[in-house]
1. Which residue, of G42, G89, G82, is in contact with an Asp or Glu (Cβ under 7 Å, 6 or more places away or on another chain) and touching a residue at least 12 places away in the same chain (Cβ under 8 Å)?
2. Out of the residues in segment 109-132 that are more than 18 Å from A183 (Cα to Cα) and surrounded by 20 or more Cβ atoms within 10 Å (Cβ to Cβ), which is nearest to the chain's Cα centre (by Cα)?
3. Counting just the residues of segment 270-294 that are modelled with pLDDT of 95 or more and in a strand (DSSP E or B), which one comes out farthest from Q308 (Cα to Cα)?
4. Considering only residues that are surrounded by 20 or more Cβ atoms within 10 Å (Cβ to Cβ) and of a type outside the set (S, T, N, Q), look in segment 256-268 and name the one that is farthest from I92 (Cα to Cα).
5. State all residues of segment 228-259 that are hydroxyl-bearing (S, T, Y) and in contact with a Leu (Cβ under 9 Å, 6 or more places away or on another chain); if no residue qualifies, say none.
6. Looking at L25, L69, L46, L64, can you tell me which residue is surrounded by fewer than 18 Cβ atoms within 10 Å (Cβ to Cβ) and either at pLDDT 95 or above or part of a strand (DSSP E or B) (or both)?
7. Report yes if M171 is within 22 Å of L251 (Cα to Cα) and over 21 Å from the mean Cα position of the chain (by Cα), otherwise no.
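The values are calculated or read from the model by the stated rules, or taken from the named source; none is laboratory data. Predicted model only: the values in this text are computed from it and were never measured. Here Cβ is always computed from backbone atoms with ideal geometry, including for glycine, and neighbour counts include all displayed protein chains.
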Amino acid sequence: MVFRTVIFMKQVSFGHQKQDFFKSLKEEVNTYFKQTNQSKTGNAILYSKTIVFLSGYILVYLLLMLLDLPAWLGLSLAAVMGFFGASIGFNIMHDACHGSYSTKKWVNEVMGLTMNFIGSNAFIWKQKHNVIHHTYTNIDGVDDDIAKSPLLRHCKSQKWKPAHRFQHVYMFFLYGVSSMFWAWVTDVNKYFKQRIYTTRMWKMPLHEHIIFWVSKLFYVLMYVAIPIYVKGFSAWWPAYLVMNAVFGIWLSVVFQLAHVVEETEFEELKPNEKLEINDWAIHQIKTTSDFAPDNRIISYLVGGLNFQVEHHLFPQISHVHYPAIQKLVRQQCEKFGITYHYHPKMIGALASHYRTMRSLGQAE
């Protein structure tokens with residue numbers, strides 16, 4: 001069986017050359033959940049994290065608004081707030097938008113709106129991330145996550161620019177402003193163009209249009225108007241920049257370490273041509289890498305996104321189950337002779353990402 005998806009005049013085809021691999025893996029995973037009598041969605045660990053990160057975010061915001069703080073403490077709390085914001089994205093929004101937070105659809109919908117709470121839009125994210133990125137991972141010409149040209153060059157098929165020689169340095173600045181671009185530019189751009197890179201957006205129902213604009217108004221009020229009114233412009237803008245710098249860098253780095261490292265592969269979909277990929281599951285493994293799988297602190301903070309291979313193979317399983325599933329994935333990869341990518345430590349993955357971006361920045 002071959003799945004075909006038409007993207008304007010482009011076409012990507014996935015076959016099942018090694019379908020026995022994914023069939024065998026799914027059987028092992030299903031057996032695990034039956035034997036342990038667990039739901040594939042979230043559990044008490046996830047719900048406790050929801051309380052920790054949401055309440056922490058709101059508490060820091062209230063402290064910044066209600067207390068007369070010295071500049072250094074205000075900026076420090078702004079940084080903490082940015083960290084909590086990224087943690088909400090990793091741990092709550094991500095599972096909810098994938099439908100793995102709860103067995104109840106309405107709960108997933110409500111918790112998915114935490115994406116809007118921290119500045120972006122859940123409706124757009126679900127198509128951009130769940131459908132496009134998870135299906136066409138690291139395919140230049142389709143995957144919006146690697147479509148940052150001409151600012152950044154993520155793979156060799158993308159056109160080289162002289163400025164790319166320094167991208168391994170300035171990329172961290174771009175990561176630091178990425179959350180502000182989400183809120184002010186990219187979401188709005190996608191909304192009016194009704195397109196996510198080369199893919200036409202789903203038709204937005206009326207209530208999603210309302211949610212989009214109400215959310216943007218909420219963002220302006222909560223993160224700009226109220227803070228300026230309470231604290232003044234001179235106190236607001238450095239705190240706003242610090243919050244977003246921590247938010248953007250932490251969020252961007254975690255996602256980059258999963259797909260733009262030395263081991264991961266890329267494909268290119270050229271205009272008016274077809275791209276045939278033998279096996280979807282194998283493609284996910286080739287284009288994805290785990291990092292720090294044995295570090296419980298990192299796993300807790302990044303919502304299991306350090307188990308990115310497992311997430312791409314089973315996006316509708318909550319991240320709280322990935323440490324257990326990883327053992328099964330590695331066993332099946334070894335059984336079928338498939339290379340499984342991972343970095344034992346986060347610092348190693350970060351170094352690999354840095355080397356990759358520096359290498360891609362060199363003139364060919």
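1. Working: G89 fails: in contact with an Asp or Glu (Cβ under 7 Å, 6 or more places away or on another chain); G82 fails: in contact with an Asp or Glu (Cβ under 7 Å, 6 or more places away or on another chain).
The unique qualifying residue is G42.
2. Just the residues of segment 109-132 that are more than 18 Å from A183 (Cα to Cα), to begin with: 109-111, 130-132.
From what is left, the residues that are surrounded by 20 or more Cβ atoms within 10 Å (Cβ to Cβ) are 111, 132.
Details: M111: 16, I132: 12 Å.
Top of the filtered list is I132.
3. Step by step, filter segment 270-294, then rank; the result is F291.
4. So the first thing to find is which residues in segment 256-268 are surrounded by 20 or more Cβ atoms within 10 Å (Cβ to Cβ), and the list is 256-261, 264, 267.
From what's left, of a type outside the set (S, T, N, Q): 257-261, 267.
Working: L257: 20, A258: 19, H259: 21, V260: 24, V261: 26, E267: 31 Å.
Going through the qualifying residues, I end up with E267.
5. Here is the first cut: in segment 228-259, the residues hydroxyl-bearing (S, T, Y) are 229, 234, 240, 252.
S252, the sole residue that qualifies.
6. Values: L25 fails: surrounded by fewer than 18 Cβ atoms within 10 Å (Cβ to Cβ); L46 fails: surrounded by fewer than 18 Cβ atoms within 10 Å (Cβ to Cβ); L64 fails: surrounded by fewer than 18 Cβ atoms within 10 Å (Cβ to Cβ).
Exactly one residue qualifies, and that residue is L69.
7. no
Residue-by-condition table, conditions (1) surrounded by fewer than 22 Cβ atoms within 10 Å (Cβ to Cβ); (2) of a type in the set (V, I, T); (3) more than 30 Å from V60 (Cα to Cα); (4) free of Cβ contacts under 8 Å to residues at least 24 places away in the same chain:
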| position | (1), (2), (3), (4) |
| --- | --- |
| S252 | yes, no, no, no |
| L275 | yes, no, yes, no |
| N295 | yes, no, no, no |
| G337 | yes, no, yes, yes |
| Y354 | yes, no, yes, no |
